[in-house]
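A short write-up of the structure that comes next.
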Amino acid sequence: MRILAIETSCDETAIAIVEATGDEKAAKFRVLGNALLSQVETHAKYGGVFPSLAKREHAKNLVPILEAALEEAELLHEDTQVIPDTIRNQVEKILEREPELGEPFLDFVSESERPDIDAIAVTAGPGLEPALWVGINFARALSLLWGKPLVAVNHMEGHVISALANGNHVAPPLAGSDARAYLEIKNVEIPVLALLISGGHTELVVMRKWLSYERVGQTRDDAVGEAFDKVARMLALPYPGGPEISRLAEASRSAGDTPSFTLPRPMMHSDVCDFSFAGLKTAVLYLLKTKTDLTAKEKQHIAHEFENAVAEVLWRKTELALGRTGARTLVLGGGVSANAHIRREFARNMRREYPDRALRIPAASLTTDNAIMIALAGFYRARQNDFASADALQADGNARLG
Ligand code: KG4
Ligand code: ZN
């Protein structure tokens, strides 16, 4: 099955074309095309993602990104297509709220051959609704013109499924030099426990049956990525803050420093799998109030101790959930799972405490938002004939797993 997948839930416009074979026991994926445009720099000056700006950028970028993905997949062929007026009117109606998209879209589809694909997968949520709608409407218009079925994908399911690909720490070469990379998902022992950590989410979900989820724990206030971003802002570091905090913390660690500050580990010893990060963020704020001139070293120590606190809380709650669910496999997913310290700590703790259970951490290139993860999840959904009707397909900013 050849899947074209579209991701526009936040600030990445991404399209991937993936050839998928196999089933839940063993599946193989060949990445034929993978194009992604990050809006990070556009949003950096606002210190966060600005929804209406994200929507406009997606609308502007989708056609060029589609062309790039098709071209890489060798599926872009010029050909004049006659679009009947009835279809043209329907497409114009679908895209009426995306003025930047309508015209380039119709120009593109009237000049290129229908690509040889079997289904179109698109992120339906969670995420920023205006941004999600652009991707959804683009997918609906393509589905109508090309006569291909639609698959609605939950973004968080994309993180879970893509984290299952390949083994521990195997980093498949993806974009650029080797676009024909293979990914494999096999020998997955269920239940799978997923710790999903991103800018908008912090949750533990268990998958006892393929594609069926139950929530075990979640944040009661801020998401962990949000805490990284807010603390980074307090330290006058650029957005997104996660990689910046990590850079400072790693510098402190490689200098062999012990942080000169202690920060709280909120809810560390409570008997639930829920998290709280607001108190940790506030503790950094109060700490900063006691300082007038923060030295570079002090900044590093705050970042170092902040990461230690986050990693300890994340591990403690995950360990609790491992015990309660009897999960055989643990996966990390979401943008924060790119964090070097968290990856190291989880790898070490699993090896030491749970050597008989598997840990799957996504390749660094798959941790932040991309469309390959949507294609992978879309494949399993399509295998279950879980197709969406173009008319009923809706953006759901708060879509949940379990
Ligand atoms: O999954 P993602 O790309 O987008 C959302 O769905 O939110 O996650 C983005 C989040 C941001 O908060 C960013 O600061 C954080 O992931 N992040 C990191 C790192 N790289 C990205 N946090 C900690 N360490 C990193 N290396
Ligand atoms: Zn994400």
Practice item. Take every Cα pair under 8 Å in the chain that's 6+ residues apart, average their separations, divide by the length, and report that relative contact order as a whole percent. Key: 24 percent
Exercise for review: Heavy atoms only, probe 1.4 Å: what % of the accessible area of the chain goes to carbon and sulfur, would you let me know?
Suggested key: 49 percent
**Study point:** Relative contact order of the stretch 190-356, pairs being alpha-carbon contacts under 8 Å that are 6 or more residues apart, as %
**Key:** 32 percent
Check your understanding: So how long is each side of the stretch 190-356 along the principal axes, counting just the alpha-carbon atoms, biggest first, in Å?
Key -> 53, 30, 28
Check your understanding: On a 0 to 90 degree scale, rounded to 10, what angle separates helix 99-111 from the longest Cα axis of the chain?
Key -> 50 degrees
**Study point:** Shape parameters for the chain, alpha-carbon atoms, Rg then Dmax in Å
**Key:** 21.6, 70
Check your understanding: Counting pairs of Cα atoms in the stretch 25-133, how many percent are more than 19 Å apart?
Key -> 56 percent
Check your understanding: Can you give the charge dipole size of the chain about its Cα centre, rounded to the nearest 20 debye, using +1 on the beta carbon of Lys and Arg and -1 on the beta carbon of Asp and Glu?
Key -> 1720 debye
Check your understanding: Is the shape of the stretch 74-152 best called rounded, prolate or oblate, per the rule: a/c under 1.5 gives rounded, else a/b larger than b/c gives prolate, else oblate, with a ≥ b ≥ c the square roots of the Cα gyration tensor eigenvalues?
Key -> oblate
Point to revise | Linear extension gain, N187 paired with I87, 0.36 nm per residue minus alpha-carbon span | key: 31.5 nm
Study note, to complete from the structure: With the dipole of the stretch 190-356 defined by +1 on each Lys or Arg Cβ and -1 on each Asp or Glu Cβ, the option from S246, S337, G323 whose Cα lies farthest towards the positive pole is G323
Practice item. Please name which of T290, Q300, V310 has its Cα lying farthest along the dipole of the stretch 232-380 towards the positive end, using unit charges on Cβ (Lys, Arg +1; Asp, Glu -1) and the Cα centre as origin. Key: V310
Check your understanding: Which of the aspartates and glutamates could be linked to K186 by a straight reach, that is with a Cα gap under 14 Å, when you skip same-chain ones fewer than 8 residues away?
Key -> D23, E24
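Computed FRET efficiency, Cβ-Cβ of R114 and R324, R0 60 Å: what is it to the nearest 0.05? Provide the component values of the computation, followed by the final result.
Values: r = 49 Å, r/R0 = 0.82.
According to the calculation, E is roughly 0.75.
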Point to revise | Tilt relative to the chain, helix 296-325 - C-alpha long axis, 0 to 90 degrees, to 10 | key: 70 degrees
Practice item. Please work out the Cα center distance from the stretch 327-402 to the stretch 250-316, rounded to the nearest Å. Key: 26 Å
Exercise for review: Please work out how many pairs of lysine residues in the stretch 190-356 are eight or more positions apart (or on different chains) and have Cα atoms closer than 17 angstrom.
Suggested key: 9
Practice item. Please give the helix 224-234 orientation as an angle from the longest Cα principal axis of the chain, in degrees from 0 to 90, rounded to the nearest 10. Key: 70 degrees
Practice item. Show me 135-145, 351-361, 324-334, 271-281 ranked by packing, highest mean number of other Cβ atoms within 10 Å first. Key: 135-145, 324-334, 271-281, 351-361
Check your understanding: Total Lys pairs in the stretch 38-185 closer than 19 Å by alpha-carbon, pairs eight or more apart in sequence or interchain only?
Key -> 4
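Over 14 Å, how big is the tail of the calculated P(r) for the stretch 237-295, in percent of all Cα pairs?
Cα-Cα pairs of the stretch 237-295 separated by over 14 Å account for 71 percent.
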Review point. HN-Hα J couplings of the stretch 182-191 from phi, Karplus 6.51/-1.76/1.60, θ = phi - 60°, integer Hz, Gly and Pro as x?
Key: 9, 10, 9, 10, 8, 6, 7, 8, 9, x
Review point. Could you give the accessible area per residue of the stretch 295-402, probe 1.4 Å, as a whole number in Å²?
Key: 36 Å²
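Treat every Asp and Glu Cβ in the stretch 203-332 as -1 and every Lys and Arg Cβ as +1, leave all other atoms uncharged, and give the resulting dipole magnitude about the Cα centre to the nearest 20 debye.
That gives the stretch 203-332 a dipole magnitude of about 220 debye.
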Point to revise | Per-residue ³J(HN,Hα) for the stretch 36-46, Karplus 6.51 cos²θ - 1.76 cosθ + 1.60, θ = phi - 60°, Hz, x for Gly and Pro | key: 8, 10, 8, 9, 3, 5, 4, 8, 3, 5, 8
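The values are calculated or read from the model by the stated rules, or taken from the named source; none is laboratory data. Quick caveat, the model's predicted, so the values are computed rather than measured. Every residue, glycine as well, gets a Cβ built from its backbone with ideal geometry; the counts of neighbours run over all protein chains shown. Areas reflect the complete protein model, heavy atoms only, side chains present, ligands, DNA and RNA absent. Shrake-Rupley method; radii C 1.70, N 1.55, O 1.52, S 1.80 Å.
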